[in-house]
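As structure tokens, the structure follows; a few thoughts come after it.
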Amino acid sequence: MSFIIEGLRKAFALIFSLDKEVFHIVLFSLRVSSTAIVFASLLGIPLGFLLGVKDFWGKKLIVVLVNNALAMPTVVVGLIVYSCISRVGPLGYFGLLYTPLAVIIGQFVLATPIIIALTHSAIQGIDAKIRNTALTLGATEMQAAWAVIVEARYAVMSAIIAGFGRVIAEVGAAMMLGGNIKDSTRTMTTAISLETSKGEFGFGIALGMILLLISLSINIFLSYFQSKKV
């Protein structure tokens, strides 16, 4: 029990002293996860919209595959991306492995299916008359799509926040693709795993407390947008 109390004491000391290494790791985690979510949203929201309003051959299969990807283990995503960007992989020439960009790519792959699936669900819940009315009044396809997305904005924001929550807390892909390199690719989750294995319990607790605070904030935002949806 004493080592837990000592770990908590050290954790609070690190947080309140604004320890440089702790907050460098936190800021790096926020930066790569935010970047991954921006790109995942730019791709996932339009694809989710198309799945929600268009009928085409193979749509049901695509929806099944997207929904199945929601439960894909992070280490599997890491393995797939690793095989593509490793030195012997098809993208090995670019030297992406063990770089911040590799972590972003892994998190992008994790977040995109979430945003597609939840956006698709949100668009399906919107009355089709909104899009049809906009088109009847002379709106372009882009303008009509925007009208639908604005109507579903709270649910779409929920999709983005859920995606961010997924990637900020993942460890498998970040460990495999980033290599957990100090001052370069170390995220909160990979640092917690490493420091705890080294016996630096206080350092791990400090990062864990910050990660829990971030997760709590994400859940508060998610609950807010879900209540707005209702």
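The values are calculated or read from the model by the stated rules, or taken from the named source; none is laboratory data. Predicted, not measured: the structure shown is a model, and the values here were computed from it. We place every Cβ from the backbone using ideal geometry, glycine too, and count neighbours over all the protein chains shown.
What to note about this one:
- Helices (runs of 4 or more DSSP H) within the stretch 1-93 that include 3 or more residues surrounded by 12 or more Cβ atoms within 10 Å (Cβ to Cβ) and polar (S, T, N, Q): 20-53
- Among the residues here, residue 56 does not qualify as modelled with pLDDT of 85 or more and aromatic (Phe, Trp, Tyr).
- Positions within the stretch 183-230 being without any contact (Cβ under 8 Å) to a residue 12 or more places away in the chain and not polar (S, T, N, Q), in sequence order: 198, 199, 200, 212, 213, 216, 220, 224, 230
- Taking the stretch 62-82 as the range and being out of contact with any helix residue (DSSP H, G or I) (no Cβ under 9 Å at 6 or more places or on another chain) and not small (Gly, Ala, Ser) as the test, only 64 passes.
- Hits in the stretch 88-116 (condition: among the aromatic types (Phe, Trp, Tyr) and within 15 Å of the chain's Cα centre (by Cα)): 108
- Unmet requirement for residue 150, which otherwise passes all of (1) without any contact (Cβ under 8 Å) to a residue 12 or more places away in the chain; (2) farther than 24 Å from residue 51 by Cβ; (3) assigned to a helix (DSSP H, G or I): (2)
- Selected residue (criterion: nearest to residue 218 (Cα to Cα)) from residues of the stretch 137-161 that are among the β-branched types (Val, Ile, Thr) and surrounded by 14 or more Cβ atoms within 10 Å (Cβ to Cβ): 161
- Criterion violated by residue 126 - all others in (1) buried (at least 20 other Cβ atoms within 10 Å of the Cβ); (2) among the aliphatic types (A, V, I, L, M); (3) out of contact with any Leu (no Cβ under 6 Å at 6 or more places or on another chain) satisfied: (1)
- Going through (1) outside any helix (DSSP H, G or I); (2) within 30 Å of residue 53 (Cα to Cα); (3) touching a Phe, Trp or Tyr at 6+ places or on another chain (Cβ under 9 Å) one by one, residue 134 falls short only on (1).
- Taking first residues from the stretch 72-98 that are free of Cβ contacts under 8 Å to residues at least 12 places away in the same chain and partners that are among the small types (Gly, Ala, Ser) and assigned to a loop (DSSP other than H, G, I, E, B), the Cβ contacts under 7 Å between residues at least 6 apart in sequence or on separate chains come to 83/89; 92/86.
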